[in-house]
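Trainee: Have a look at the structure that comes next, please.
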Amino acid sequence: MKHLAPLLIIVLLFASCSKKIEESYFVPKDAIGIMYVNLKSLSEKSKDLDFNQLSINSLIEDKAPKEVKRFVQELLSKDNLDKTFRKEYLLGFGTFKRLSGVGGLIIPIKDATSFEAFIKPMIDEIPNLEKETNVGKDQGFTIYANKEIAIGWNGKTALIIGANNYAAAELKDLTTLNREDCILATNYFDAFFDTKQDMGLHITSTPLGDAFDGLLNTFAGLDVNLENNNLSYYGSFEQDHIYTKTNLKLNDDFKSIIGYKKWMSTSYSKSMLKALPDNPLLFAKLSIDTEDFYDHILSLQDNKTLPLQVREELRKNIKKSNQETEKELGMDAKSFSKIFDGSLMFAMTEGKTVKDTIYDYNYFTDEETYEVVDKKTPNMYGTVALKDKNKFDQFFNIVKKKGAQIETLNSNYFKIDGSTFMVITEDCIFFTNDQSKADEISSNGKLANNLSDFKHKDKLSHSVYLYTKGNIAELGNDFTQSINNIYNPYSSYNRYGSNKSMDVITEKSSELYNKYYGENHYFIDTDGGESFTYTKGNKNSLIQSILYGDEVAKMMSTLEDDDYEEEDEEDDEEDEDEIEETVIESTESN
C-alpha cells in the first residue's frame, strides 16, 4: 500500500473538472467510505503560486535519492502531467464486502499510451508484478498486479487497487460494474457529491448492516439496525479561511440510544460571559440540558433495541445510584440534575512565565536532583451555570464536611487543593488558577474587562463552540503541563527543557503557525459541525497553507542539519579527549 502515496501526490497536481463523473461507475455500492477531490478548484486556487520557488524543490535536490529526484523532475513536470491526465475528479474508496478488503484510487487519463509511459518507471519498482492485457470490461484493460496491488487502465480511466489478496481479480470486477451495482445506486451519493467543495469524504454503515445485523441479534441480543448511518465531511480552501463541514445522519435506532437531539441544547446564561476575561487565546462553550439528559438515561431502561440484560443492569444501577445519592446528598439523582443550568464555559489566556523548581529522582542511586527553569503557565477560567443555588450550597456543604481540601477565603469564596480558586455567585460557579481574577469576581460579581462584548457572540448559538487564537496544539501542551504539574511534580511533562530539540521545534512551529494562521472557530450541533480557520496574508488559504507546509519542511531540514553538526562537534571533542588522555598516559609511562 505504500506505493499508492506517490500516485496520490500526482493527481493532486493537475486540474480542471466536469460535473459528469464517469469514474463513479468503478466504485462499488458496498463501499464503506468514498472520497473525492475537486482538482479543478484546487488548481485555480493555486494558480498564482510558483511551485518552482518552493524550498521543497531544493530540499529534494540536495537530500532526496536519485529515484525521487527523477520522479519529481521528469514525471511530475507540468507538461508531462498535462499530456497524461484527463483533468476531472479524483475518486477513492474502501470496502470489505468483496473477495477481500479493498481500497483504491480512480484516475481519469487521456489515453492508454501516455499513461503507460508515465506509470512504467513506478511499475518497475514494485516487485512481483505480472502483466495482463485485453482484460476487464470490453477486454480493454491492461493490468500489472501482484496479490496486494493492481494497476490497470483503458483509454480513459486508470485504477490503482490495494487488497489483501486477489488484487487483479478485484480490479477486473470493478471495471464491469453495472449502474445498479455501483455507488450511483445508493440513496446518498448524489446528495453527498457537492461540486462547490474542494474535497469530500462519506462513510456509511449500510454495508455493515447487511453483514452483521443478524449476527448481533443472535449472539449479543442487540436488536439494532446498523444500516443508514451516514457521516459526510467536506473541506474547502476559501479566500481568507479554510472551511470544513460535517453532516451526521443516524437511523432511528441509534438516535434512540444516543438521544442527543433530546439533551443537546444551545441556551446559556449571559452572566457567565461577565466572569470570563476579554481577549482570550481559547474560549469554549457547551450547552446540555441536564434534566433531559437524565431523563434520556432513564428511558434506556425500556429501549428494546438494547439487550434485555443491559436494560436490567441499567435499571439496577439507576436504583442503586438514587439510593446512594439520597443517602449522601439528601436528594435523588433527578433532583441533583436540576441544580445546574447545563451550560458551561472555559477560557484560557497566556498567563505568565515564572521560575519553577523541577525535581527528578534516580531510583537506582536513591538521589534527588533539581533544576530551576522557566515555566509557562496559562491562566485558566471556567464557569458553570447554576439553576438552584440553595441546593448547590446544600451539596457543597456536604462535600466540605467529608474532608475535602477546601479553604474558605470569604463568603462564597474558596481555595481548593491549594491552587484552584472558586467563587459561587447567585447564578454560576467560577473556577480559576488566577487569584487576582477570583478576588475581583468575589468583590464585584464580575470582571471589569470581560467577554460581554465578545465579537463572535453570535456563534454561541451552537451547542458546542470552540474559539482559538494561535496554535491550538501549543495551547493544549501548555494546558496539559499546567494540569500535570498540579498532580505529579515528577512527571516528564514538568521537566521543561529536558528535550532541547523538541523545545526548539515547538517554538519555531508555533512562530510559523502564527505567521500564516489566525483565529479558529469550531461548531457542533445535533446534525454535524463546521469549522473556520482564518489565514493571514494577501494570498488565499490554499496558497498560504502550501507556503506554511513548505516553511515547516525547510525548518525541519535545517534543525536536522544542526543536530548532525552538534553530533559531529561532540564526536570531535570526544576524539580530542581520547587523544589527550593517550598522550598523558604515554608521557607518564615514559
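The values are calculated or read from the model by the stated rules, or taken from the named source; none is laboratory data. None of the values given here were measured: they were computed from a predicted structure. Please note: Cβ atoms are built from the backbone with ideal geometry, for glycine as well, and neighbour counts cover all protein chains shown. Just so you know, the surface numbers come from the protein's heavy atoms only, side chains and all, with ligands and any DNA or RNA stripped out. Shrake-Rupley method; radii C 1.70, N 1.55, O 1.52, S 1.80 Å.
Trainee: Provide Tyr413, Tyr534, Tyr548 ordered by accessible surface of protein heavy atoms (probe 1.4 Å), highest first.
Mentor: These residues rank, largest area first, as Tyr534, Tyr548, Tyr413.
Trainee: For Thr195 and Ser419 in the same chain, what is the full-extension length gain: residue separation times 0.36 nm, less their Cα-Cα distance, in nm?
Mentor: Here the segment from Thr195 to Ser419 would lengthen by 75.4 nm.
Trainee: While we're on this one: Nearest 0.05, what FRET efficiency do Asp124 and Lys147 give at R0 = 22 Å with Cβ-Cβ as r?
Mentor: That gives a FRET efficiency of 0.75.
Trainee: All other residues with a Cβ under 14 Å from the Cβ of Ile406 taken together, and with Lys, Arg as +1 and Asp, Glu as -1, what is their net charge?
Mentor: That works out to +1.
Trainee: Continuing with this model, one more query. How big is the equivalent ellipsoid of the range 17-164 along its three axes, where each semi-axis is √(5λ) from the Cα gyration tensor, reported in whole Å from largest to smallest?
Mentor: Computed over the range 17-164, the values are 27, 20, 16 Å.
Trainee: Further, regarding this structure: Report the label-to-label distance for Ser452 and Gln73 in nanometres (one decimal), using points 7 Å from each Cα along the Cα→Cβ vector.
Mentor: 6.7 nm
Trainee: Which sequence of Glu371, Glu125, Glu132 reflects their accessible areas, 1.4 Å probe, from the largest down?
Mentor: Result, largest first: Glu125, Glu371, Glu132.
Trainee: Cβ neighbours within 10 Å, averaged per peptide: list 436-445, 340-349, 196-205 in order, most packed at the top.
Mentor: 340-349, 196-205, 436-445
Trainee: Something else about it: Where does each of 549-558, 397-406, 53-62, 285-294 land if you order them by average Cβ count within 10 Å, highest first?
Mentor: Those peptides, ordered most packed to least, come out 285-294, 549-558, 53-62, 397-406.
Trainee: May I ask you to compute the full-extension gain from Asn514 to Met502, defined as 0.36 nm times their residue separation minus their alpha-carbon distance, rounded to one decimal in nm?
Mentor: Separation in residues times 0.36 nm, less the Cα-Cα distance, equals 2.5 nm.
Trainee: 7 Å from Cα along Cα→Cβ at both Leu409 and Asn57: what's the point-to-point distance in nm?
Mentor: Calculated label separation equals 5.9 nm.
Trainee: Please state, to two decimals, what the Cα-based radius of gyration of the range 273-360 comes to when divided by 2.2 N^0.38 Å (N = residues).
Mentor: Computed over Cα atoms of the range 273-360, the ratio equals 1.70.
Trainee: Gap in Å between the Cα centre of the range 337-409 and the Cα centre of the range 85-151?
Mentor: 57 Å
Trainee: For Asn164 and Tyr534 in the same chain, what is the full-extension length gain: residue separation times 0.36 nm, less their Cα-Cα distance, in nm?
Mentor: Taking 0.36 nm per residue and subtracting the Cα distance, the gain is 129.1 nm.
Trainee: What spacing in nm lies between the two simple spin-label points modelled at Glu238 and Asp366, each 7 Å away from Cα in the Cβ direction?
Mentor: Result for the modelled spin labels: 6.6 nm.
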